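Here is the structure we will look at, set down as structure tokens.
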Amino acid sequence: MAPPLLLVVPVLIWVAAGVGLAAAYRAASTTLVLRLAAGFLALWSLLATTALLWVIENGGWSAILRVARSPSELLPIFGPAGATLWIAGAVGAFAILLVAFVMNQVVGRGILLLLDPAELPWPEGLAPPPQPVRLLGSRAPERYAFSFALLTVGTRPGRLSRTEVIVLSQGLRASLTEEEVRAVVAHEVGHIAGLDGRYLTFLRTLARLMRWDPLFAYISSSVTRREEYRADDAAVLATGRPLDLARALYKVGVVGPAPPPRSGPAGLLGEGGERGRREAIARIRRLVAMAESSERRDGSSA
């Protein structure tokens, strides 16, 4: 086999595995696919970090140009001489993953410390989630809602427990009706059920740390979009009223200035900013279509 094919074949297999996993992720609702995607991205971070170290070690942009002209330049990486580089890449990838995890936890605890939210009663008419969730309200005048997961030390030594948290701002609660607040809480419960507080928030933090890899930015944005739609579906299933969530999205994401971009906990408007506003409009249209379809099916108003 010609040397370039030694690189092309495994790369094609790896890309095909990633594409297949991405297609399964978009079509599936099970959290198993999300876990597989997280594992794939962890391996990808190893490859990306090792490739970055090789580029730095071999002259930066000139190394990239040499590889573009002759892929066989990379062959030494896959031999005994590349073992040191792979070990350094593994250490670097682990360090990045660890920093992303720590930042994820620090941000969550910082939110609770800075906002000093108070416990809120669970919305009437909304079934409690299967796992314990703290519903908190901040006094902030801005309109936001988000959820995240915190790890805490359990009752047994060395055992960790997970706390799911939903935060609603005073500005959001003041601008929405009781039914719309219930729909927003149901949306955040959908994020929790989908493990977004564990994986989506971590992925978005990791994408910020790995700015040199555009793949992570693309995947982070795509996964965020997919999870917002899935959380919308969960809210509609829980409340049976898609228009309540559509009105909440309109009031929070469309009326007034665009919310600032965010990369932390999974929230009502995904990434926020102008992109979040555009996605909110698309989600509103989708929810309205769901309501109209329900009306045509059973003749009742959503």
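Bear in mind that the values in this text are calculations on the coordinates, not laboratory data. Treat the numbers as computed from the prediction; the structure is a model and nothing was measured. Quick reminder, even Gly has a Cβ in these numbers, built from the backbone with ideal geometry, and neighbours come from all protein chains shown.
A few points about this structure:
- Each residue in Ile64, Ile219, Ile87 was given a count of other beta-carbon atoms within 10 angstrom of its own, and listing them fewest first yields Ile87, Ile64, Ile219.
- The order of Phe101, Phe148, going from fewest to most other C-beta atoms within 10 Å of their C-beta, is Phe101, Phe148.
- Computed from backbone phi with θ = phi - 60° and the Karplus coefficients 6.51, -1.76 and 1.60, the 3J(HN,Hα) list for the range 160-172 is 9, 10, 10, 10, 8, 10, 10, 10, 10, 7, 5, x, 5 Hz; x is used for glycine and proline.
- Simple spin-label estimate for Arg286 and Thr152 gives 3.3 nm between the two label positions (7 Å along the Cα-to-Cβ direction from each Cα).
- Mean Cβ count within 10 Å, highest first, over the residues of peptides 279-286, 130-137: 279-286, 130-137
- Counting beta carbons within 10 Å around each of Arg241, Arg208 and listing the fewest first gives the order Arg208, Arg241.
- Take the Cα of Ala88, step 7 Å toward its Cβ, do the same at Leu112, and the gap between the two points is 4.0 nm.
- Placed amide H near Leu136: partners under 5 Å, 5+ positions off or other chain: Leu120, Ile166, Val167, Leu168
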